[in-house]
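Structure first, then comments.
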Amino acid sequence: MKRRAVVFIDGGYLNNILKYDFHGQRIDYHIFSDLLVGEEERLRTYYYNCMPFVPDSPTPEQRNEYQKMERFIYTIQNLPRFDVRLGVLQKQGDELVQKMVDVMIAVDLVRLTFGGKMDTAILLTGDSDFIPAIEVAKDAGVLVRLMYSDSPWRMMSSRLKDAVDDYQMLTDDIISRCLKERGREGQNSEPIPSDESGP
């Protein structure tokens with residue numbers, strides 16, 4: 001019987017990886033998720049992000065960005081074995097701060113751990129706030145694997161690496177195997193925002 005894996009994608013983190021490390025390439029999230037799982041059975045992929053911040057008087061560009069994200073979310077939540085969890089972007093001074101996403105990932109990780117259906121958790125995140133939830137999952141017998149970027153703009157926490165069972169860097173080979181075809185508007189590919197949507 002195959003091991004069952006669940007993929008947890010921090011969309012803001014992955015957006016930044018694609019934007020800064022892979023020249024804004026668009027990927028097919030279905031292919032990407034199955035690639036991360038490998039020989040295991042993909043029980044589900046959970047995708048976490050926030051809708052773009054829209055001020056009271058949005059510009060046409062801001063409206064367009066929001067609508068593109070709406071189309072992406074609608075499409076990805078209808079992919080086989082995909083669930084979408086949306087937090088909120090709050091403006092604090094001149095910065096946009098992602099809220100609720102970290103909590104939702106941690107809650108889902110612990111919930112699925114004790115649901116008894118997940119053998120492997122594959123996390124795509126750079127946030128060390130997940131360490132307590134990771135330790136709970138490991139103690140319950142779940143193998144926790146981290147996918148990450150070692151880019152200078154987002155150095156991986158050594159504490160996070162130490163907390164997981166194993167980790168793997170996202171490489172050109174991985175990304176190139178799940179790129180959307182050029183010349184087509186990818187139905188499973190996310191619009192890369194003009195401004196960072198993650199912390």
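Readers should treat all values here as calculations from the given coordinates under stated rules, not as data from a laboratory. What you are looking at is a predicted structure, and each value in this text was computed from that prediction instead of being measured. Every residue, glycine as well, gets a Cβ built from its backbone with ideal geometry; the counts of neighbours run over all protein chains shown.
Cross-linked pairs K68/K138; K2/K161; K68/K99: Cα-Cα separations exceed 32 Å for K68/K138.
With the helix formula -39500 (n - 2.57) applied to DSSP H stretches of n ≥ 4, the chain reaches a computed 222 nm mean residue ellipticity of -10500 deg cm²/dmol.
Here the contact order of the chain, divided by its residue count and restricted to Cα pairs under 8 Å and six or more residues apart, works out to 31 percent.
Given the C-alpha centroids of segment 2-57 and segment 64-132, what is the distance between them in whole angstrom? About 9 Å separates the Cα centre of segment 2-57 from the one of segment 64-132.
A simple charge model with +1 on the Cβ of Lys and Arg, -1 on the Cβ of Asp and Glu and nothing else charged puts the dipole of segment 4-176 at about 460 debye relative to its Cα centre.
Would you mind putting 13-21, 78-86 in packing order, based on average other-beta-carbon counts within 10 Å, highest first?
Values: 13-21: 20.3, 78-86: 15.6.
So the peptides 13-21, 78-86, ranked by packing, come out 13-21, 78-86.
Counting Lys and Arg as +1 and Asp and Glu as -1, what is the net charge of the other residues whose Cβ lies under 12 Å from the Cβ of R3? Local charge sum for R3: +1.
Averaged over residues, the count of other Cβ atoms within 10 Å places the peptides 34-40, 120-126 in the sequence 120-126, 34-40, highest first.
This structure gives volume of the Cα convex hull per residue in Å³, computed directly, and of [x] 124; [y] 142; [z] 115 that value is listed as [x].
Listed highest first by mean packing, meaning other Cβ atoms within 10 Å per residue, what order do 2-9, 52-59 come in? Write out the running numbers ahead of the final one.
Numbers: 2-9: 20.9, 52-59: 11.9.
Taking the mean over residues of other Cβ atoms within 10 Å, the ranking is 2-9, 52-59.
Annotation for L179 and I131: the two label points, set 7 Å from Cα along the Cα-Cβ direction, are 3.7 nm apart. Pairing the Cα long axis of helix 11-21 with the longest principal axis of the chain, what angle in degrees results, from 0 to 90 and rounded to the nearest 10? That helix lies at roughly 80 degrees to the long axis.
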